[in-house]
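Q: Before I ask anything, here is the structure I am working with.
The values are calculated or read from the model by the stated rules, or taken from the named source; none is laboratory data. All of these numbers come straight from a predicted model, not from anything done at the bench. In this analysis, Cβ positions are derived from the backbone assuming ideal geometry, glycine residues included, and neighbour counts consider all displayed protein chains.
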Amino acid sequence: MSAKIANQATLLRRHGDASDAVSRLRELQRAALEAKSLTDIFGIEGDAAARYFEHFLTMLRPKVVAAEGLHFAVRSRRPARDPINAALNLSYGLLTADALRAVVACGLDPHAGFLHSSGRNTPALALDLVEEFRAPVADSIVVNAFNNGELRTRDFSTVLGTSRIGDRGRKP
C-alpha cells in the first residue's frame with residue numbers, strides 16, 4: 001500500500017497543483033509501512049485515496065477542463081458519474097485483465113489475494129497486484145488522454161447520471 005500511495009503522490013506532484021496534498025500523501029506513505037493491522041492499512045489507504053482524488057482534477061490542464069466542461073467531485077466506480085470516472089473505470093479494468101492473465105500464466109491462483117477478499121469470481125490476487133500500478137499506468141493514461149485531446153466529453157454518453165465511454169473513446 002505504501003508504494004501505491006507513493007505513486008499517487010508522485011503523479012500529483014508532477015501534474016497537479018497540490019503541494020499540501022502531496023506532503024500529506026508522503027506522511028501516509030510512511031504510516032502505511034508502520035501499520036500494525038490490515039484495518040490500519042485500509043484506513044490509511046482510504047485517507048490517501050480521498051486526498052488524491054480530491055486534487056485529481058488539478059492534473060488536467062485548465063483549458064481542457066474549461067473547454068470540455070469537465071468536473072470531478074469524487075471517485076465513483078459503478079456507476080461512473082462523469083467522463084473522468086468512466087475513463088478511470090475502463091483503464092482499471094484493462095489493467096486488472098492484464099494482471100489476471102499474468103497471474104494465470106505463472107500458474108498462480110488468481111483468487112488467493114492478500115488485501116482483496118476472494119469472493120465469487122473475484123480475482124483477488126490480480127486486484128492486489130494492480131494497486132501499485134493504478135497511478136503510474138492507468139491514472140497517467142487518463143490524465144494524458146484528456147490533456148492531449150485524445151479523450152473529449154463528446155466521446156462519452158451520459159444518461160440518468162451515468163457516464164459511459166463510447167466507441168470513439170475506446171479506439172486506439
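Q: Take Ile165 and decide whether it is in contact (Cβ under 8 Å) with a residue 24 or more places away in the chain and more than 21 Å from Lys4 (Cβ to Cβ).
A: yes
Q: Mind listing just one residue for me: the one in the range 1-34 that is of a type in the set (Lys, Arg) and surrounded by 14 or more Cβ atoms within 10 Å (Cβ to Cβ) and, of those, nearest to Asp128 (Cα to Cα)?
A: Lys4
Q: So, in the range 104-113, of the ones that are surrounded by 12 or more Cβ atoms within 10 Å (Cβ to Cβ) and not charged (D, E, K, R), which residue ends up nearest to Phe42 (Cα to Cα)?
A: Only one residue tops the list, namely Gly113.
Q: Could you grab me the full set of residues in the range 35-53 that are crowded, with 16+ Cβ neighbours inside 10 Å and either of a type in the set (Phe, Trp, Tyr) or not in a loop (DSSP other than H, G, I, E, B) (or both)?
A: Ile41, Ile44, Glu45, Asp47, Ala48, Ala49, Arg51, Tyr52, Phe53
Q: Can I ask one more? Among the numbered conditions (1) within 21 Å of Leu38 (Cα to Cα); (2) surrounded by fewer than 19 Cβ atoms within 10 Å (Cβ to Cβ), tell me where Leu125 comes up short.
A: If we test Leu125 against (1) within 21 Å of Leu38 (Cα to Cα); (2) surrounded by fewer than 19 Cβ atoms within 10 Å (Cβ to Cβ), just (2) comes out false.
Q: May I pose another question? Could you list all residues from the range 75-87 that are in a loop (DSSP other than H, G, I, E, B) and either crowded, with 22+ Cβ neighbours inside 10 Å or not assigned by TED's automatic domain parsing to the domain that holds Asn147 (or both)?
A: Answer for the range 75-87, where residues must be in a loop (DSSP other than H, G, I, E, B) and either crowded, with 22+ Cβ neighbours inside 10 Å or not assigned by TED's automatic domain parsing to the domain that holds Asn147 (or both): just Ala80.
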